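The values are calculated or read from the model by the stated rules, or taken from the named source; none is laboratory data. These figures come from a predicted structure and were not determined experimentally. Here the Cβ is made from the backbone with ideal geometry for all residues, glycine too, and neighbour counts use every protein chain on show.
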Amino acid sequence: MGEWARALGFSQIGVAGVDLSSAEPGFLAWLDNGFHGEMAYMAAHGLKRARPAELVPGTVSVITARMDYLPAATLEGWQAVEFNRLAKPKEAVVSLYARGRDYHKVLRARLQSLSDRIAGAVGPFGHRVFTDSAPVLEVELASRSGQGWRGKHTLVLDRAGGSMFFLGEIYTTLPLAPTAPVTDHCGSCTACIDVCPTRAIVAPYRLDARRCISYLTIEHPGAIPQELRPLMGNRIYGCDDCQLACPWNKFAQRSPLADFDPREGLTGSELVELFAWNEEEFLRRTEGSAIRRIGHERWLRNIAVAMGNALGLQDDPAVRAALQSRLEHPGALVREHVRWALSRNPATGSRTAV
């Protein structure tokens, strides 16, 4: 099975059992604290997330898969390169994972292909594939099956692959022997906690999504809290800071798949350039991309915040003109963030935390 998985672009597979009862208290406490913000779907299915056999009746094993996503052409020292982007206020920064094709599409298709190969060897079997698309405790399943350990930033970490990878699962009726978990190797390191711009990692292994830039720029549908806007810098879709700071990511692996190669416009582009996209151009350029799901209004909202942060450092006529061109945008969400951005200037002492 491992050979089939590698041929499909997966770096590792494992097997987990379906008794996740020990994870239920922590998950419920996270919900009770409201750390999921407006992600109502996190609570909608109750404890089905921790009970695979309730989500998909008949499930007795979960095959877990890991797929690296750093583009093949990524150079050594890429973490420093990405940190340097954050020091260029007028450059738009999109999270590394989102610069290529939508990972949901890539993983789902390849997980199904893996399932088909298994069926060809053992005969038809009950199964369902997932990748960040259903009430599944992905990190819990991955860590139980030896894909790595849960880092202090709550992502899965592997000694040979860092954390720059996607996770996927095949819920199956096949009774498979679980693979052994690995031990935690974070030690006393707190690099991910210390670097988080908004202090979203409130304690080791505890993330308040309401403060996380990935949540704010992707999941959050409304106005971004004003006190958090200056901390977002020039990040317009997602945030990689906790992964960039992690020492284990010097071992992050490159993907053999062209799917994750960056698209034109999503690396190194100026904020003003991306802010000029009308809805038609936004949809065209983000076709097949995970970015498309936030829609054009939230795209403009995010960029407006970044442009306001740029103005908070240095006034720029081109940035102001671009913002002013959207003052009469039909969306109230866009107009409010544009007005906020235009109110920013170096004289206020506003600074962007990077």
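When residue 279 is tested against (1) crowded, with 23+ Cβ neighbours inside 10 Å; (2) more than 19 Å from residue 232 (Cβ to Cβ), only condition (1) is not met. Within region 75-93, being out of contact with any Ser or Thr (no Cβ under 9 Å at 6 or more places or on another chain) and in a loop (DSSP other than H, G, I, E, B) holds for 75, 76, 77, 87, 88, 90.
Residues of region 71-108 being out of contact with any strand residue (DSSP E or B) (no Cβ under 9 Å at 6 or more places or on another chain) and of a type in the set (Gly, Ala, Ser), which ones? Passing the criteria: 77, 80, 87, 100.
Just one of the listed residues (211, 235) is touching a residue at least 60 places away in the same chain (Cβ under 8 Å), farther than 16 Å from residue 248 by Cα and basic (Lys, Arg), and it is 235. Yes or no: region 290-300 includes at least one residue that is under 28 Å from the mean Cα position of the chain (by Cα), more than 23 Å from residue 262 (Cβ to Cβ), not in a loop (DSSP other than H, G, I, E, B) and not polar (S, T, N, Q). Yes. Of the residues screened, residue 264 is not one that is at pLDDT 95 or above and either out of contact with any strand residue (DSSP E or B) (no Cβ under 9 Å at 6 or more places or on another chain) or not in a loop (DSSP other than H, G, I, E, B) (or both). State whether the residues of region 205-216 include one that is β-branched (Val, Ile, Thr) and surrounded by fewer than 20 Cβ atoms within 10 Å (Cβ to Cβ). Among the residues of region 205-216, not one is β-branched (Val, Ile, Thr) and surrounded by fewer than 20 Cβ atoms within 10 Å (Cβ to Cβ), which makes the answer no. Candidates are the residues of region 150-162 that are closer than 11 Å to residue 139 by Cβ and surrounded by fewer than 20 Cβ atoms within 10 Å (Cβ to Cβ); the one that is nearest to the chain's Cα centre (by Cα) is 154. A single member of 276, 306, 252 is hydrophobic (A, V, I, L, M, F, W, C), in contact (Cβ under 8 Å) with a residue 24 or more places away in the chain and in contact with a helix residue (DSSP H, G or I) (Cβ under 6 Å, 6 or more places away or on another chain), and it is 306.
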